[in-house]
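*Asks:* Next up is a structure, given as structure tokens.
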Amino acid sequence: MQVVTELMASTFVMRRRDIIENPCDVCTLFVKYPFLGNVQQLMLEMCRIADDDEWNIKGEVKWTEMQIRIMKQATLEASHNKRLRDKLEEWETSDCNHSLLSVIALTYLLPDKTRPDSEKMIYFTNGASNLSSIISERKQPQPFALVTGNIHSPEQAFLAVDCNLIGEVPLDAIPLYIVAAYFVFNICYIKGCHNVFAFFEALLFPVTGSSMPSTVQHFMAALNNLSL
């Protein structure tokens, strides 16, 4: 593994230029760069892109700290958002994973013009056991997390990209791996989640306010002004 890591580091610039200048589907990239089909190597590649060896570690800290703000904001906005209110009522009776809840809540708090669809980011198997079959049937080329179990009792999370099961990822760090896959494979964000990913970019990368959609700017300001 150390040899692979050193090889990836030494060929990063060439590989990055190839991926950006010669767009192709992810399956083709797996043939050209098979090590990118490993979640650990995928995250190392993301750290190289961010030029920060601790991007994932810092990102997990930022994401963990933000979850309580997201859920508090969700509670405030639920009074005039019926779909969000229904979700919060559904979650009240169970001890759900806060990271998963926060991602799902974001799709309601930061919708594009389309109807919120959290399954574009997190899809629960709800008892189904054939993961490859589920991924194949969904036919979603963009990255998403496949979570075994359900929202009330999540078990394991797996990163899926272009109908391929990449590998298991931590439940509490799902957003980081999804974002990493989009960046590493140079994939356009899926329709309906642009504002959510703009939020993650603002959280995980140093950006100026002017580069964010106004909806996301106002949302970030609201989160930062919350008293906890």
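*Asks:* Identify, from the list I151, I166, the residue that is out of contact with any Lys or Arg (no Cβ under 7 Å at 6 or more places or on another chain), crowded, with 19+ Cβ neighbours inside 10 Å, touching a residue at least 40 places away in the same chain (Cβ under 8 Å) and more than 28 Å from F35 (Cβ to Cβ).
*Replies:* Testing whether each residue is out of contact with any Lys or Arg (no Cβ under 7 Å at 6 or more places or on another chain), crowded, with 19+ Cβ neighbours inside 10 Å, touching a residue at least 40 places away in the same chain (Cβ under 8 Å) and more than 28 Å from F35 (Cβ to Cβ) leaves just I151.
*Asks:* Here is a follow-up. Being under 11 Å from L223 (Cβ atoms) and under 17 Å from the mean Cα position of the chain (by Cα) is the filter here; which residues of region 57-70 pass it?
*Replies:* E65, M66, Q67, I70
*Asks:* Across region 1-25, what is the total count of residues that are part of a helix (DSSP H, G or I), over 25 Å from the mean Cα position of the chain (by Cα) and of a type in the set (A, V, I, L, M, F, W, C)?
*Replies:* Selection size over region 1-25: 4.
*Asks:* How many of the residues in region 108-139 are over 19 Å from Q156 (Cα atoms) and either among the aliphatic types (A, V, I, L, M) or touching a Phe, Trp or Tyr at 6+ places or on another chain (Cβ under 9 Å) (or both)?
*Replies:* 3
*Asks:* May I pose another question? Suppose the filter is surrounded by 20 or more Cβ atoms within 10 Å (Cβ to Cβ), hydrophobic (A, V, I, L, M, F, W, C) and either touching a Pro at 6+ places or on another chain (Cβ under 7 Å) or closer than 17 Å to A74 by Cβ (or both); does A180 pass it?
*Replies:* So A180 does not fit the description; no.
*Asks:* Please find, among L44, L88, L84, L100, the residue that is within 25 Å of L203 (Cα to Cα), in contact with a strand residue (DSSP E or B) (Cβ under 9 Å, 6 or more places away or on another chain) and either surrounded by 13 or more Cβ atoms within 10 Å (Cβ to Cβ) or touching a residue at least 60 places away in the same chain (Cβ under 8 Å) (or both).
*Replies:* L100
*Asks:* Check whether at least one residue in region 54-66 is closer than 30 Å to T11 by Cα, acidic (D, E) and either surrounded by fewer than 13 Cβ atoms within 10 Å (Cβ to Cβ) or without any contact (Cβ under 8 Å) to a residue 24 or more places away in the chain (or both), and report yes or no.
*Replies:* So far as region 54-66 goes, yes, one or more of its residues are closer than 30 Å to T11 by Cα, acidic (D, E) and either surrounded by fewer than 13 Cβ atoms within 10 Å (Cβ to Cβ) or without any contact (Cβ under 8 Å) to a residue 24 or more places away in the chain (or both).
*Asks:* Of the conditions (1) modelled with pLDDT of 95 or more; (2) farther than 30 Å from Q41 by Cβ; (3) not hydrophobic (A, V, I, L, M, F, W, C), H80 clears all except one; give me its number.
*Replies:* Among (1) modelled with pLDDT of 95 or more; (2) farther than 30 Å from Q41 by Cβ; (3) not hydrophobic (A, V, I, L, M, F, W, C), the lone unmet condition for H80 is (1).
*Asks:* Just give me the residues in region 14-41 being surrounded by 15 or more Cβ atoms within 10 Å (Cβ to Cβ) and either in contact (Cβ under 8 Å) with a residue 60 or more places away in the chain or touching a strand residue (DSSP E or B) at 6+ places or on another chain (Cβ under 6 Å) (or both), in sequence order.
*Replies:* I19, V26, L29, F30, L36, G37, N38, V39 - these are the residues of region 14-41 that are surrounded by 15 or more Cβ atoms within 10 Å (Cβ to Cβ) and either in contact (Cβ under 8 Å) with a residue 60 or more places away in the chain or touching a strand residue (DSSP E or B) at 6+ places or on another chain (Cβ under 6 Å) (or both).
*Asks:* So in region 189-208, with the set limited to residues that are assigned to a loop (DSSP other than H, G, I, E, B) and in contact (Cβ under 8 Å) with a residue 40 or more places away in the chain, which one is nearest to I70 (Cα to Cα)?
*Replies:* C193
*Asks:* Exactly one condition in (1) farther than 19 Å from V39 by Cβ; (2) charged (D, E, K, R); (3) part of a helix (DSSP H, G or I); (4) in contact with a helix residue (DSSP H, G or I) (Cβ under 9 Å, 6 or more places away or on another chain) is false for R115; which is it?
*Replies:* With (1) farther than 19 Å from V39 by Cβ; (2) charged (D, E, K, R); (3) part of a helix (DSSP H, G or I); (4) in contact with a helix residue (DSSP H, G or I) (Cβ under 9 Å, 6 or more places away or on another chain) applied to R115, the lone miss is (3).
*Asks:* If Y123 satisfies every condition in (1) exposed (fewer than 14 other Cβ atoms within 10 Å of the Cβ); (2) part of a strand (DSSP E or B) but one, which is the exception?
*Replies:* Among (1) exposed (fewer than 14 other Cβ atoms within 10 Å of the Cβ); (2) part of a strand (DSSP E or B), the lone unmet condition for Y123 is (1).
The values are calculated or read from the model by the stated rules, or taken from the named source; none is laboratory data. Every value quoted in this text rests on a predicted model; they were computed, and no experiment measured them. Note that each Cβ is placed from the backbone with ideal geometry, even for glycine, and that neighbours are counted across all protein chains shown.
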